[in-house]
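Taken together, the values in this text are just the output of simple stated rules run on the coordinates, not laboratory data. Treat the numbers as computed from the prediction; the structure is a model and nothing was measured. Positions of Cβ are generated from backbone atoms using ideal geometry, with glycine treated the same way; all protein chains shown enter the neighbour counts.
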Amino acid sequence: MAELASTRSLRILEDDPYGLVRFEGEQLPTLFELEGGRNVMYSSSFSKTIAPGLRVGYVILPEEIAAGLEDIVASTYITPALVTEATVLEFLRRGLLEPNLERVRGLLRERRDAMLEALERELGGPARWSRPQGGYFLWLELPEGTDATELLGRATPAGVTFVPGSDFGGEPNSARLAFSFASPAEIDEGVTRLAELIPAAATVKLP
């Protein structure tokens, strides 16, 4: 993709809010880095690396289109959130970003591991799932014949939620699970509850 952007002068907007919260494996280069920033515009957010309530992001783009984007931004919301932007600036000035990233990565790794362990215990065999090396989410393929949307309807009253994979173009039996917010104990309990509800939403019964 980076090569296409360079050879065909294609403009690409890379949205990368999770790149800095990779907690396992080698850090991967961004499209922006691979292409050199001539045709790739890079956007990210401090909501994932400092605090979710900040709602402060940034974009790196070629100078020739920066002014046009600035005009669009100004006409869209008049003025940015100055207090939260000043908070982020002071956070960066004090050198707190890297230590906080290490803290966030550690928390995410612990919660990812808790979800993987619970899935193996409760659904090992009839279901499959990804092993994310960063970010907030895990992709789950439920037992064949399971309707994830129907399962969500049963899970919500039980205090468990997820996003059906069909919302992202996935198969009807797929789901996106988030491990970013809940504690390891809550994740363990949530997966247990989810597993108990699967047979009612599946045409293929768990052994």
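Put simply, the Cα atoms of segment 82-123 extend 47, 20, 5 Å along their principal axes, the longest span coming first. Taking θ as phi - 60° and the Karplus parameters 6.51, -1.76 and 1.60, the scalar couplings of segment 55-63 work out to 6, 10, x, 8, 9, 10, 8, x, 4 Hz in sequence order, x denoting glycine and proline. At q = 0.24 Å⁻¹, what base-10 log of I(q)/I(0) does the Debye formula yield for segment 2-95 when every alpha carbon is treated as an equal point scatterer in vacuo? Scattering profile of segment 2-95, log10 relative to I(0): -1.27. Taking a ≥ b ≥ c as the square roots of the eigenvalues of the Cα gyration tensor, segment 69-174 is classed as oblate, since a/c reaches at least 1.5 and a/b does not exceed b/c. Remark on the chain: Rg and Dmax equal 20.5, 61 Å (Cα only).
For segment 125-203, rounded, prolate or oblate, judged on the Cα gyration tensor with a ≥ b ≥ c (square roots of eigenvalues), a/c < 1.5 rounded, else prolate if a/b > b/c? Oblate is the answer for segment 125-203, as a/c is 1.5 or above yet b/c matches or exceeds a/b. How many angstrom lie between the Cα centre of segment 1-52 and the Cα centre of segment 130-207? Computed from Cα coordinates, the inter-centre distance equals 29 Å. Note that segment 103-108 has calculated 3J(HN,Hα) couplings of 5, 5, 4, x, 5, 5 Hz, one per residue in order, obtained from phi through the Karplus relation 6.51 cos²θ - 1.76 cosθ + 1.60 (θ = phi - 60°); glycine and proline are x.
Less than 5 angstrom separates the built amide H of Met41 from those of Ile12, Leu13, Glu14, all sequence-distant by 5 or more or on a different chain. Treating r as the C-beta distance of Glu64 and Thr7 and R0 as 22 Å, the FRET efficiency rounds to 0.70. The angle separating the long axis of helix 184-197 from the principal Cα axis of greatest extent in the chain is about 50 degrees. Close amide H pairs (under 5 Å, H built 1.01 Å from N) link Arg22 with Gly135, residues at least 5 positions away or on another chain.
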